[in-house]
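Here the structure comes first, spelled out in structure tokens, and everything after it is commentary.
Laboratory data are not the source of any read-out in this text; all were calculated from the coordinates shown. Note that the coordinates shown come from a computational prediction; the quantities given were computed from them, not determined experimentally. Note that we place each Cβ from the backbone using ideal geometry, even for glycine, and neighbour counts take in every protein chain shown.
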């Protein structure tokens, strides 16, 4: 897997994580908040592992 593909995938995961955060603020979905929080934590773990495994700079993902 090339570095650019890994970076693109991590960026995609960050966008998904941000989307889940937005959904947690929706009052209509309040009963799903704990599920979303678990998903966010899982995605965050994968992001951190990929950054470490592929020796990426966290600066590449600032502002996402």
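Side notes on the structure shown:
- Exactly one residue out of 5, 48, 41 is more than 14 Å from the chain's Cα centre (by Cα) and more than 13 Å from residue 64 (Cα to Cα), and it is 5.
- Residue count for the range 24-53, restricted to those that are without any contact (Cβ under 8 Å) to a residue 24 or more places away in the chain, surrounded by 15 or more Cβ atoms within 10 Å (Cβ to Cβ) and within 19 Å of residue 63 (Cα to Cα): 1.
- Sole exception among (1) more than 9 Å from the chain's Cα centre (by Cα); (2) part of a helix (DSSP H, G or I); (3) exposed (fewer than 14 other Cβ atoms within 10 Å of the Cβ) for residue 18, by number: (1)
- Filtered by the rule that a residue be outside any helix (DSSP H, G or I) and under 17 Å from residue 3 (Cα atoms), the range 21-61 gives 54, 55, 56, 57.
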